[in-house]
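Let me begin by presenting the structure, written as structure tokens, before commenting on it.
The values are calculated or read from the model by the stated rules, or taken from the named source; none is laboratory data. Keep in mind it's a predicted model, so treat the numbers as computed, not measured. Because the Cβ atoms are built from the backbone with ideal geometry, glycine has one as well, and the counts that use them run over all protein chains shown.
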Amino acid sequence: MIWSDWWIWGAAALVLGCLEMLLPGFILLGFAIGAGIVAVLFLVGGPVALWMAGSLPITLVIFAVLSLLAWVALRRIVGLRHGQVKLFDHDVND
């Protein structure tokens, strides 16, 4: 059960975090945060880690939900601000 090793999820979080620097947009950063939280859950152990280690689909669903929550939080905190989009009222070639 390699998916239940914490260091695999930690390495995935680091790789996704590095890729976020090359492809900015907070999408990969949300996945990196999700993978990091899953790595911490496996590292700490407990009933949640045992439950996740028993099934790959459950682990992937928890990873997906955590990644989505992280992405939504990132968009709220550092997302598009009001007035950041430039609107043109006239032709830009004039």
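At a glance:
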read-out: Residues (assigned to a loop (DSSP other than H, G, I, E, B) and either of a type in the set (Gly, Ala, Ser) or at pLDDT 90 or above (or both)) located in the range 65-84; value: Gly79, Gly83
read-out: Members of the range 59-71 that are of a type outside the set (Phe, Trp, Tyr) and surrounded by 13 or more Cβ atoms within 10 Å (Cβ to Cβ); value: Thr59, Leu60, Ile62, Leu66, Ser67, Leu68, Leu69, Ala70
read-out: Total residues in the range 1-26, condition of a type in the set (A, V, I, L, M) and buried (at least 16 other Cβ atoms within 10 Å of the Cβ); value: 3
